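Okay, structure first, notes after.
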Amino acid sequence: MAVDELWLVRHGESVGNVAATQAEIDGAERIPLDIRDADVPLSPTGEEQAQALGRWLEEHRDDVDLFWVSPYARARQTLAIALGDAEPAVPVTADERLRDRELGVLDLLTRSGVARFHPEETERRLHLGKFYHRPPGGESWADVALRLRSFLRDGLAQPGRRALLVAHDAVVMLLLYILLPMREEDLLDFAAGHTVLNASVTHLVRTADGWRLDTFADVTHLQREGAEVTVHPGNPDVEPE
């Protein structure tokens with residue numbers, strides 16, 4: 001039986017989230033990280049969020065037939081902490097198509113840094129729009145959607161009705177874009193007013209008429225366990241201030 005229920009989880013707060021937010025507050029041009037994006041771990045707060053997610057997962061473990069996870073360290077660490085010491089009775093699959101969006105030459109730059117070092121990209125983004133703007137060496141949102149369509153063709157056909165996926169904010173947003181489905185303008189309007197919170201759970205259910213969004217970025221489990229709710233909306237890209 002094909003998958004007809006999905007829980008989409010954003011990883012817990014990472015040291016990259018903290019560094020990027022602080023760099024923007026400080027008006028810095030660069031985000032002070034000396035490790036590659038794939039290896040960025042959780043912050044101490046992110047570890048606490050993953051533990052709180054684990055308590056939620058204890059209540060839903062029998063409901064999950066498949067686990068999928070981004071290969072990036074912060075996503076794998078979130079799922080590992082949430083699962084705890086017990087070996088899951090169902091498969092856990094890391095898939096590189098679930099990795100975070102790649103920013104190319106804009107990686108580790110703040111808005112100020114983009115304005116100084118790559119002002120032409122601000123102009124290109126204004127012309128192309130956020131969905132189609134591809135930084136040199138990086139990906140547009142459309143590029144990420146393309147690899148997620150490939151993932152869904154494989155993943156949703158797997159045996160098992162219910163799946164939990166741990167990945168990144170852009171991945172969660174673009175899975176909604178594909179599955180609900182949305183148009184470009186619908187996605188941008190939705191993203192402008194909604195943030196995928198760290199360690200939040202988004203729930204989708206397949207109906208006879210297609211996929212339905214049941215819950216978006218729910219953090220009730222964090223609040224119940226006393227874990228901090230953190231708002232890191234992802235890389236600022238080259239959004240004009």
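Data table
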{"quantity": "The stretch 177-220: projected area of the alpha-carbon convex hull, averaged over directions, in nm²", "calculated": "3.4 nm²"}
{"quantity": "Sequence of Asp85, Asp154 when ordered by accessible area, the most exposed leading, probe 1.4 angstrom", "calculated": "Asp85, Asp154"}
{"quantity": "Portion, in percent, of the accessible area of the chain that falls on carbon or sulfur, probe 1.4 Å", "calculated": "49 percent"}
{"quantity": "Nearest-10 value in Å² for the accessible area of Met182, using the 1.4 Å probe", "calculated": "30 Å²"}
{"quantity": "Formal net charge of residues neighbouring His194 (Cβ-Cβ distance under 14 Å; K, R +1; D, E -1)", "calculated": "-3"}
{"quantity": "Where the stretch 84-241 is the region considered: accessible area per residue in Å², 1.4 Å probe", "calculated": "48 Å²"}
{"quantity": "Signed unit charges on C-beta, dipole axis of the chain, positive-most listed residue Phe151, Met173, Leu126", "calculated": "Phe151"}
{"quantity": "Area of Leu188 that stays accessible when all protein chains are in place (1.4 Å probe, Å², to 10)", "calculated": "50 Å²"}
{"quantity": "Rg/Rh ratio calculated on Cα atoms of the stretch 115-239 (Kirkwood radius)", "calculated": "1.00"}
{"quantity": "Accessible area, probe 1.4 Å, largest first, for residues Glu121, Glu185", "calculated": "Glu185, Glu121"}
{"quantity": "At most 16 other Cβ within 10 Å, DSSP loop - trypsin sites (Lys or Arg not before Pro), the stretch 149-241", "calculated": "Arg161, Arg183"}
{"quantity": "Leu126 accessible area, 1.4 Å probe, all protein chains in place, Å² to nearest 10", "calculated": "100 Å²"}
{"quantity": "Coil-residue trypsin sites (Lys or Arg not before Pro) of the stretch 8-97, DSSP, other Cβ within 10 Å capped at 16", "calculated": "Arg36"}
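The values are calculated or read from the model by the stated rules, or taken from the named source; none is laboratory data. Computed from a predicted model, the values in this text were never measured in an experiment. Neighbour counts run over all protein chains shown; Cβ positions are idealised from the backbone, glycine included. What goes into the accessible areas is simple: the full protein's heavy atoms, side chains included, and nothing from ligands, DNA or RNA. Shrake-Rupley method; radii C 1.70, N 1.55, O 1.52, S 1.80 Å.
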